[in-house]
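Trainee: Sharing a structure here in structure tokens format.
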Amino acid sequence: MRHNVWMLEFGSWNLVFGIWILEFHMKVLLLGSGGREHALAWKISQSPLCEKLFIAPGNGGTSQFGENVNIAVSDMEQLKGFCLQQGIDMVVPGSEEPLVKGIYDFFKTDAALAHIPVMGPSKVGAQLEGSKAFAKQFMLRHNIPTAAYREFSEENFEEGVAYLQQHPLPVVLKADGLAAGKGVVILDSREEAITEFGQMIKAAKFGEASKKVVVEQFLTGIELSVFVITDGHSYQLLPTAKDYKRIGEGDTGLNTGGMGAISPVPFADKAFMQKVEEQIIRPTVVGLAAEQIVYQGFIFFGLINVGGEPYVIEYNCRMGDPETEVVMPRLKNDLLELFRATAAGSLDAQAIQEDRRAAATVMLVSKGYPEDYEKGKAINGIPQQSGSQLVFQAGTRENGGQLLTNGGRVLTITSLADSLQAALAQSKQTAERIQFDGKYYRKDIGFEFV
Ligand code: AMP
Ligand code: GLY
């Protein structure tokens, strides 16, 4: 950290008034390589507090806002070496992987790294995302509304089969651990549910992650994503968002990492958000503190609105992707200022300012995604960034000045406008103009609201 101290002199009176202005400049290391990290890099780099931004490993887009570093997000020893060598002042994990693997604890328990804040929960706190059973037990202890459930493993497998035989349909099966977004299966038939249950537990369909399974009541409603940043005591609410996970229009077909998002969520009005804060957010933050679970970072509440009542579908210990690509453009605050307050435990002194405009993002993906797809297609026609349009790259790489596709989700186009309709229209127009072989995108993002 560089502390700049300026002394202003008023010499004509031969008096010296020393005005000391302390300015912190931070070297920040952001971890990840998706559209979310491109949006975070874009936002962090705007902060006057940012001296230098590094992104490990980054992508073709993040290098516009900082220096990409070829280190994997969970390679703790390499990250340590890099932080010490560069004098990094703050680490910002974008995805859950390093958090669930304990990057927070790794830094805090290493004398050479302990002074570097890591924006995220401790390893135990990250279990809110890393273990569905942990999250459900936590919600039960703190009276947080969520679907009814039971957990099963090899030991009580037969009890699980009996439970499924009398469970109302559809029924939700969730692998306890991280399963690359594939561990949740919703089944309409009891036979299929019992077969899937066996595959998860006995055949380790999702490896270690499905040795334990949460069997859950199916909730009917409309989903939304609510984000807070917490310093462990207080929290600040960020703009709400809704993502679109299915590959096909009208929310059909396979689940993806996310095909688009909007912010704000039209039905998340004052009355609904008051319920969310009272019944879900506050009990979560207070519960973490009461259980002495260290948590300084983002909490992502995956919620469902059931007849006006919010329920938790899942917790995540990081921002969403592609929600970040609409949330960050609508957040007017200096993100590093919020991070600094988070690390200092003074978030209560901050106030969130939201852009009044609506934001929409539309993801361009490679043909075949989320199954097999080809890479290395030339991408052309990306427009210049403007105050109302941003292109965030996800699966891209550069080769001799030519941008190429390098993943299933290739890039996402965020537009800001006075109405959601106008923002969506603008993103779709740009989606038409950007070209690569096998381009596909959903034309109906935000369909429920327009
Ligand atoms: P997850 O992988 O935890 O994000 O879950 C994937 C998706 O499954 C969620 O976004 C929901 O659409 C759906 N889902 C999970 N749990 C439930 C539930 N109890 N009732 C209805 N849908 C659910
Ligand atoms: N968009 C959902 C997620 O990031 O998990």
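Trainee: Considering the stretch 380-399 alone, what residues qualify as being of a type outside the set (A, V, I, L, M, F, W, C) and either open to solvent by less than 50 Å² (accessible area, probe 1.4 Å) or closer than 21 Å to Val327 by Cα (or both)?
Mentor: Residues satisfying the conditions are Gly381, Pro383, Gln384, Gln385, Ser386, Gly387, Ser388, Gln389, Gln393, Gly395, Thr396.
Trainee: Give me the pairs, please: first residue somewhere in the stretch 413-441 and in contact (Cβ under 8 Å) with a residue 12 or more places away in the chain and on the phi > 0 side of the Ramachandran plot, second residue anywhere and outside any strand (DSSP E or B) and among the acidic types (Asp, Glu), beta-carbon distance under 7 Å, and either six or more positions apart or on two chains.
Mentor: Close Cβ pairs satisfying both conditions: Gly438/Glu374.
Trainee: Residue check: is Thr252 more than 17 Å from the chain's Cα centre (by Cα) and exposed (fewer than 14 other Cβ atoms within 10 Å of the Cβ)?
Mentor: yes
Trainee: Which condition does Val73 not pass, out of (1) open to solvent by less than 50 Å² (accessible area, probe 1.4 Å); (2) within 16 Å of ligand 2 (Cβ to nearest atom); (3) assigned to a helix (DSSP H, G or I), if it passes all the others?
Mentor: Here Val73 clears every test but (3).
Trainee: Can you name every residue in the stretch 220-238 that is surrounded by fewer than 19 Cβ atoms within 10 Å (Cβ to Cβ) and within 11 Å of ligand 1 (Cβ to nearest atom)?
Mentor: Result: Thr220, Gly221, Ile222, Glu223.
Trainee: Here's something else I'd like to know. So Gln166 fits all but one of (1) open to solvent by 30 Å² or more (accessible area, probe 1.4 Å); (2) over 30 Å from Val362 (Cα atoms); (3) in contact with an Asp or Glu (Cβ under 8 Å, 6 or more places away or on another chain); what number is the exception?
Mentor: Gln166 satisfies every listed condition except (3).
Trainee: What are the pairs, 6+ residues apart or on separate chains, where a residue within the stretch 132-150 that is open to solvent by less than 30 Å² (accessible area, probe 1.4 Å) and of a type in the set (S, T, N, Q) has its Cβ under 6 Å from a residue that is more than 16 Å from ligand 2 (Cβ to nearest atom) and not in a strand (DSSP E or B)?
Mentor: Qualifying pairs under 6 Å: Thr146/Met139.
Trainee: Could you list all residues from the stretch 98-109 that are assigned to a loop (DSSP other than H, G, I, E, B) and open to solvent by less than 30 Å² (accessible area, probe 1.4 Å)?
Mentor: Gly102
Trainee: Would you call Tyr244 of a type in the set (Phe, Trp, Tyr), touching a helix residue (DSSP H, G or I) at 6+ places or on another chain (Cβ under 6 Å) and either modelled with pLDDT of 95 or more or within 16 Å of ligand 2 (Cβ to nearest atom) (or both)?
Mentor: Taking the combined requirement at face value, the residue does not satisfy it.
Trainee: Within the set of pairs 6+ apart or on separate chains, which have a first residue in the stretch 326-352 that is under 16 Å from Ala41 (Cβ atoms), a second that is open to solvent by less than 10 Å² (accessible area, probe 1.4 Å) and assigned to a helix (DSSP H, G or I), and C-beta atoms under 7 Å apart?
Mentor: Qualifying pairs under 7 Å: Met328/Ala39; Met328/Leu40; Leu335/Ile44; Leu336/Ile44.
Trainee: Still on this structure, I have one more. Which numbered condition in (1) hydroxyl-bearing (Ser, Thr, Tyr); (2) part of a loop (DSSP other than H, G, I, E, B); (3) within 22 Å of the chain's Cα centre (by Cα) is the only one that Tyr373 fails?
Mentor: For Tyr373, the exception is condition (3).
Trainee: Read through the list (1) open to solvent by 10 Å² or more (accessible area, probe 1.4 Å); (2) within 14 Å of ligand 1 (Cβ to nearest atom); (3) farther than 24 Å from Lys101 by Cα, then give the number of the only condition that Val171 fails.
Mentor: Failing condition for Val171: (1).
Trainee: From (1) within 27 Å of Thr361 (Cβ to Cβ); (2) among the acidic types (Asp, Glu); (3) more than 16 Å from ligand 2 (Cβ to nearest atom), pick out the condition that doesn't hold for Glu216.
Mentor: Of the numbered conditions (1) within 27 Å of Thr361 (Cβ to Cβ); (2) among the acidic types (Asp, Glu); (3) more than 16 Å from ligand 2 (Cβ to nearest atom), the odd one out for Glu216 is (1).
Trainee: Could you check how many residues of the stretch 120-137 are within 15 Å of ligand 1 (Cβ to nearest atom) and in a helix (DSSP H, G or I)?
Mentor: 9
Trainee: Could you check how many residues of the stretch 180-214 are within 10 Å of ligand 1 (Cβ to nearest atom) and either over 28 Å from Ser122 (Cβ atoms) or modelled with pLDDT of 95 or more (or both)?
Mentor: Number of matching residues: 3.
Trainee: Right, next: Considering Ile262, Ile304, Ile299, which residue is of a type in the set (Val, Ile, Thr), over 18 Å from Gly221 (Cβ atoms), open to solvent by less than 20 Å² (accessible area, probe 1.4 Å) and within 16 Å of ligand 2 (Cβ to nearest atom)?
Mentor: Ile299
Trainee: A follow-up question, please. I'm told Ile116 meets every condition in (1) closer than 27 Å to Lys275 by Cα; (2) of a type outside the set (Asp, Glu); (3) more than 16 Å from ligand 2 (Cβ to nearest atom) except one. Can you identify the failing condition by its number?
Mentor: Status for Ile116: all satisfied but (1).
Trainee: Let me ask something else. Assuming Ala241 fulfils every condition listed in (1) surrounded by 18 or more Cβ atoms within 10 Å (Cβ to Cβ); (2) away from ligand 1 (no atom under 16 Å from the Cβ) apart from one, which condition is it?
Mentor: Every listed condition holds for Ala241 apart from (2).
Trainee: Which residue pairs have Cβ atoms closer than 9 Å, lie 6 or more positions apart in sequence or on different chains, and pair a first residue in the stretch 226-239 that is over 18 Å from Val92 (Cα atoms) with a second residue that is aromatic (Phe, Trp, Tyr)?
Mentor: Val226/Phe300; Val226/Phe301; Leu237/Phe227; Pro239/Phe227
The values are calculated or read from the model by the stated rules, or taken from the named source; none is laboratory data. Nothing here was measured: the structure is a model prediction, and the numbers come from that model. Note that each Cβ is placed from the backbone with ideal geometry, even for glycine, and that neighbours are counted across all protein chains shown. Each accessible area value is taken on the protein alone, full model and side chains, heavy atoms only, with ligands, DNA and RNA left out. Shrake-Rupley method; radii C 1.70, N 1.55, O 1.52, S 1.80 Å.
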